[in-house]
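Scroll down for the structure; my scribbles are underneath it.
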Amino acid sequence: MPSRIVCLLLLSVCFLMQQISIVEAAEPGLRAGAAAVDITPPVGVSLDGVISKNGPVSGVHDRIFSRALVLDDGKTRIAICVNDLCMVERSYFDRAKQLVFQKTGLPVNRILMTSTHTHAA
């Protein structure tokens with residue numbers, strides 16, 4: 001599951017980076033791109049780890065997503081990635097940021113990743 005999370009985080013940010021690259025020839029100004037990737041795990045997974053008293057989930061009420069926003073003013077590009085997850089270890093975010101850097105060249109200090117801390121995902 002953790003490697004799936006890292007891959008999905010990477011996918012959402014990289015997808016956005018490609019979309020912004022497509023509009024490189026646009027007029028100067030603030031450019032933005034947004035994407036969402038469905039990260040809903042399969043039925044049977046315990047979604048909020050050891051604090052869960054409910055056991056594995058038996059169905060899906062609402063899908064959960066990793067959402068990314070990339071902003072570029074022509075001088076600086078940043079990426080913000082928000083995930084519908086209870087908790088994500090810092091090491092997973094650090095790994096995802098390194099992969100984004102390797103794929104896009106966006107420095108890791110310009111990538112913000114966080115989770116919503118929902119106990120329902």
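A short reminder: the numbers here are calculations on the coordinates, not readings from a lab. Only a predicted model underlies this, so the values are computations on that prediction, with no experimental measurement involved. Note: ideal-geometry Cβ built from the backbone for every residue, glycine included; neighbour counts use all protein chains shown.
Annotations
- Under the convention that each Lys and Arg Cβ holds +1 and each Asp and Glu Cβ holds -1, the size of the dipole of region 68-121 around its Cα centre is about 220 debye.
- Sequence-distant residues sharing a close amide H with Thr118 (under 5 Å, placed H): Leu85, Cys86
- The stretch between Arg110 and Arg63, if pulled fully straight at 0.36 nm per residue, gains 14.1 nm over its current Cα-Cα span.
- For region 98-105, 3J(HN,Hα) per residue [Karplus equation, 6.51 cos²θ - 1.76 cosθ + 1.60, θ = phi - 60°, Hz, x = Gly/Pro]: 4, 5, 4, 4, 4, 7, 10, x
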